[in-house]
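Since the structure comes first, as structure tokens, the remarks are kept for the end.
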Amino acid sequence: MASEAVAVKIQEGVAVDAVVPAASETSAQRKILLKSVEGEEFLVDELFARGSKMISNMIDDGFTEGAIPLPNVTAPVLSKVVEYWKHHVGKSETDKDAREFDRAFVKDASSSVLFDIIMAANYLDCKPLLDLACQAVADAIRDMNVEQVRGFFGITNDFTPEEEAAVLEENREWSNALTVTGNGQKESNEGGNIVLP
Amino acid sequence: MSFKSIVRELKEMRDGFGSMSRRSSAAEGRVGPSRSGARLHWHQARHQRHAPCDDVQESRWASLPPELLLDVIQRIEASEVSWPARRYVVACASVCRSWRHITKEIVQTPEQCGRITFPISLKQPGPRDSPIQCFIRRERATATYRLYLGLSPALQGENDKLLLAARKVRRATSTEFVISLSSDDFSRASSTYIGKLRSNFLGTKFTVYDSQPLHDAPMVSTNRSSRRIHSKQVSPRVPAGNYNVTTIAYELNVLRTRGPRRMQCTMHSIPVSSIQEGGTAPTPTAFINSLDEHFSSLAVSKGKDPIIEFSSTTLGEPLVPVQTSGEPLVLKNKAPRWHEQLQCWCLNFRGRVTVASVKNFQLVAAVDASHQVPPAEQEKVILQFGKIGKDIFTMDYRYPLSAFQAFAICLSSFDTKPACE
């Protein structure tokens, strides 16, 4: 959930003018208003909001009054993205807290939330977060067998029967062709991860 | 990973609604701490709502933009560089047609990245800068020779990647080594048949036959994004045949048994131009009549369509050598130097060969000034073979040879008769 210290949800109807920062404030102190698709508003330090290249460009283009609408991002996802910015923006790449945050961030994400994060990071143009999420997907599917990958992505097997047979053979024979012991018995990883069921 | 446990649980459901404990089937390479506690609650709730196959959650991934799917597959390809983990990349190419297309586009040739990925990698030239290191294990009882990727046999319990296997078959007037992708199927009618090596009666001349003719014209450049020139699919379908790609000749040393023998390999399928400035070597992108040949024709391909002439053949009949444009590359073995103090012939194998044997050799290009081959290229040891233990030999090969050609040449070293030794 969004840290209350950083993003302050604002009730609908409150005059927006009251929270628009004065132009004389530095960007570190200035806050930007972001609006999720449901209309929820998040007040975020400008420094963090610039974690999104898209938002950063909008700010530079003079979009400083009112809320920046993000019609492709829901509130729960936006609050996660803000959390990410809070732990990464302004920090060095090797920051230990950031790394620890990443580990937990990805570990606890359900597949649905991860999908949302990827789409949001892509839309907002936040490359580090996109990299983190895509790497999490890559790590996950690496451990799946082919059938599981298809199920996960909702993919239909569109190989013809001949192609399917060739693909099966490639996986079974080529991928599992490993050391043969002296008596001719084939040893292969019985992981079952790669062989088609 | 949380997905891992989700997917695992779903699979268990498909497999028959087993318990929520970690799956008891074979251990995975990566095993993390059990996190099923937290997942349990969420998973059970979903289980009550709908059957796993209709899972609404998972089908959202079907709308992942292609450039992000590409990113994910690229990450897998970049992280799994060595075998056996490299098979995860091969698995990506097994999911569906678009995944296969994406994966095949991402994966580079051994020349470009130094990695072996798909079976076709065995027919593509090795890297230019440093060799791919393999070893060969000889099994005398069955006259079988197996080529593995790796520096030397791994410690017990680990798995070395088998690349090719060969079986020696003695005939009345010759010996043949049948080369296959499979270590127990040496039938020439099988889809695993790659080629063969045949010797003459005296064991002084050998011919390497490829099961498939040259398919692609040489690539225009080694740039990854360069367009590929595909030859039109030859019609009628190309039969599995035997295409003479290399001739190997052994000659007695003038000193007969007391000196090293001379070796010469004429690479009919590789032109001398391949080692000249800016040259390239033929690089097939797919086995003929394979599913990948169909896919590669889907890629944008323009350019000439060289039709390769050949006569139809029944299995086992040698054909006219496959001629590339220009003069074929000839390889010769590097002459050892006589070491006066040690009283033996020496070659610098840089630690990759440790047992003296007349079978050991290093092949370099046999060129003269007229070939205009840069000195650096002339110096390169293109193929090195030698003994490191009882029935264990190392084989290091590089551009412009492919693993198949290198293996075949090395096999000839096993069969030379006393006439050459």
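Bear in mind that the values in this text are calculations on the coordinates, not laboratory data. Keep in mind the model is a prediction, meaning the values are calculated, not measured. Positions of Cβ are backbone-derived with ideal geometry, glycine not excepted, and every protein chain shown enters the neighbour counts.
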* Asked: If you keep only loop residues by DSSP, which chymotrypsin sites (Phe, Trp or Tyr not before Pro) in region A:84-135 have at most 13 other Cβ atoms within 10 Å of their Cβ?
  -> none
* To do: May I ask for log10 I(q)/I(0) of region A:104-172 at q = 0.27 Å⁻¹, from a Debye sum over the Cα atoms as equal point scatterers with solvent left out?
  => -1.21
* **Amide H contacts of A:Ile32 (H built 1.01 Å from N, under 5 Å, at least 5 apart or other chain)** => A:Val44, A:Asp45, A:Glu46
* Would you grab the residues whose amide H sits under 5 Å from the one on B:Gly195? Only those 5+ places off in sequence or on another chain, please, with H modelled 1.01 Å from N. => B:Ile179, B:Ser211
* Structure fact -> Placing each pseudo-label 7 Å from Cα in the direction of the beta carbon, A:Glu147 and A:Met58 end up separated by a distance in nanometres of 4.6 nm
* **Rounded FRET efficiency, nearest 0.05, which uses the C-beta distance separating B:Ser187 from B:Arg262 and R0 of 45 Å** => 0.80
* Structure fact -> Placing each pseudo-label 7 Å from Cα in the direction of the beta carbon, B:Leu151 and B:Glu251 end up separated by a distance in nanometres of 3.8 nm
* To do: With no solvent and one equal point scatterer per Cα, compute the Debye intensity ratio I(q)/I(0) for region B:72-182 at 0.15 Å⁻¹ and report its log10, rounded to two decimals.
  => -0.75
* Structure fact -> Expressed in angstrom and ordered largest first, the alpha-carbon extents of region B:335-421 along the principal axes are 40, 35, 29
* Give, rounded to the nearest 20 debye, the magnitude of the charge dipole that region A:112-159 has about its Cα centre when Lys and Arg contribute +1 at Cβ and Asp and Glu contribute -1 at Cβ. => 20 debye
* **Residue pairs, from the table B:Lys123/B:Lys168; B:Lys123/B:Lys334; B:Lys332/B:Lys387; B:Lys104/B:Lys359, whose Cα atoms sit over 31 Å apart** => B:Lys104/B:Lys359
* Structure fact -> Treating only Lys and Arg (+1) and Asp and Glu (-1) as charged, each at its beta carbon, one finds that region B:100-200 has a dipole about its Cα centre, in Debye to the nearest 20, of 460 debye
* To do: Can you grab the distance from the C-alpha centre of region B:102-119 to the C-alpha centre of region B:361-378, Å, no decimals?
  => 28 Å
* Structure fact -> Under the 7 Å Cα-to-Cβ spin-label approximation, B:Gln112 and B:Ala143 lie apart by a distance in nanometres of 4.1 nm
